[in-house]
1. Give me the one-decimal nm value for the distance between modelled label points at LEU528 and GLU435, 7 Å along each residue's Cα-to-Cβ direction.
2. Largest first, how would CYS272, CYS72 line up by accessible area (1.4 Å probe)?
3. For the range 382-397, take each phi angle, set θ = phi - 60°, evaluate the Karplus expression 6.51 cos²θ - 1.76 cosθ + 1.60, and give the result in whole Hz per residue in order, putting x for glycine and proline.
4. Protein chains only, probe 1.4 Å: how do TYR519, TYR483, TYR183, TYR401 rank by accessible area, largest first?
5. In a Debye calculation with equal point scatterers on the alpha-carbon sites of the range 140-201 and no solvent, what is log10 I(q)/I(0) at q = 0.15, 0.22 Å⁻¹?
6. Can you work out the FRET efficiency for the pair LYS364 and ASN139, with r the C-beta to C-beta distance and R0 = 60 Å, to the nearest 0.05?
7. Given labels modelled 7 Å from the Cα in the Cβ direction, how far is it in nm from GLU166 to ILE404?
8. For LYS393, tell me the accessible area in Å² from a 1.4 Å probe, rounded to the nearest 10.
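The values are calculated or read from the model by the stated rules, or taken from the named source; none is laboratory data. As the structure is a computational prediction, the values presented were derived from the model and not from experiment. Note that each Cβ is placed from the backbone with ideal geometry, even for glycine, and that neighbours are counted across all protein chains shown. Ligands, DNA and RNA are stripped out before the accessible areas are found, and what is left, the full protein with its side chains, is counted by its heavy atoms. Shrake-Rupley method; radii C 1.70, N 1.55, O 1.52, S 1.80 Å.
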Amino acid sequence: MKIRKSSICFTLLLGVFLLAGSLFYHLEASAANQEDGTVFTVGFDASFPPYGYKDGEGEYAGFDLDLAQEVCNRRGWTLKKQPIDWDSKDMELNSDMIDCIWNGFTINGREDKYTWIGPYVDNSQVVLVSQNSGIEKLNDLEGKIVVVQADSSAQAALTGEDATQENQALAGSFGELQIVGDYNSAIMNLEAGAVDAICLDVGVAKYQQKNHDKLVILEETLSTEGYGIGFKKGNTKLRDQVQETLFEMLDDGTFQKIAEKYEDYNLPECICLSKDTPGVEETLAASDGEKKEAAQEKTSSGMVFLEKVKTGFANFGDIIKQLLFGFGATLSIFVLTLLFSLPLGLLITFGRMSKNIILRGITKFYISVMRGTPLMLQLLVVFFGPYYLFGVKLSSFGPYYRYIAVIIGFSLNYASYFAEIYRGGIESIPDGQREAAALLGYNRVQTFCKIIFPQMIKKVMPSVTNEIITLVKDTSLAFVLAYTEMFTLAKQIAASMTNIMPLFVAGIFYYIFNYLVAYIMEKIEQKLGYYK
């Protein structure tokens, strides 16, 4: 036995050393590649066709990625296509996880935040609606539910600092302006009738219109802006290399040929890359000055970090005030989920332990599905199920259906976990107690309520506490249904501030909340410790 234990320990230690060595080698190789400029990592939103998306063969494709691939081919670089969460794009870039943001990235309003390659596509923000919606012009959106992607050009055109008075008034007339993480979710909401319109880029709108024949683009546009490629502030060396290669592609016609692959989405007509484009020459001429600035920034990166921390603390109070709204949503999801899932779990337990083979099989299958599939998927099924299964427009369920679907999805999921916890607690009670209760004249209901249930509650409290704490954190998954709870709000604030502080503040909220939950559950457990 000693030899076997020693062998196991040696094998585990050897595995740890090999894993650590492999990871170290990978990191060293990656760093060397970055220093040599052989790997060019492009950050993009993988749900933003035709600029970046996953094609029918499961490969990342799109106009911007094709341009990036051609640049790498000419430079002798290796292209790394890195899908990113659009809300976290600035953190990805500033932490050097990606070299640039190249994915229909609007320059307007972001001029001072990045080192840019000048505009290469003229883009417009348009409105996409269902064919029979009765919406024909922008004024028809009054009182309607409209969707935009988080930190998108459409959101900026409607609510940003540079938004026109007309667009601000238009946004104010909406019944509700919802924010989603990606356009796939927006399209599903529009098709199902959960929303009335989507504001988005014209290229993306044309792509969606081609693949969904019941969608219509309004003729009026919200705004027009230019797409550029955003590099980390001061990274002019890499910017100039990419800019130079793009001009070569423009001169020999390659740029135009790549655009023609996407002529169904109006891209050839939208191309505006030119050496004479206003701002491009000025940007290139300022390279030397920016390089000096970049060098200074590199040598004082600690000061930059401290400055960001200082800015975050300066806005600490404002961040807390904004997150309190999201915390209210998180708290309501938590409370209502417990209110419904705890008793529902007990009913499922009865079915799971039933002598009826059909009922037992159904509940066993239900628990298997709920525990074996992602909660995010279950939320989508609950929300969109009535439309895709029965063709019922979601708008017919009223304005609170989104919130109701969140509660139903969470309750059904957590009830399955509580059911198995209850079952384990009930089966741990010795059969002799049931027999003794029968001798005392107790029926099955009395035996369960007065003898089995109190003991079961005491036994399952630690496991129930773990699930309740997990529920606090899982509430963040409500974002998949475009329901804004605390963590989703924190990501949106972090994106607008380009600062990670809101996420840390949200973490503090979660920790305090979970600490209080754990404290309350511990006190309840102590109260139930009457056997000691």
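1. Going by the 7 Å Cα→Cβ label model, 2.7 nm.
2. CYS272, CYS72
3. Couplings: 4, 6, 8, x, x, 7, 6, 8, 10, x, 7, 5, 5, 4, 6, 8 Hz.
4. Sorted by accessible area, descending: TYR519, TYR483, TYR401, TYR183.
5. The Cα Debye sum returns log10 ratios of -0.39, -0.83.
6. Once the sixth-power term is evaluated, E becomes 0.60.
7. 3.9 nm
8. Accessible surface of LYS393 is approximately 90 Å².
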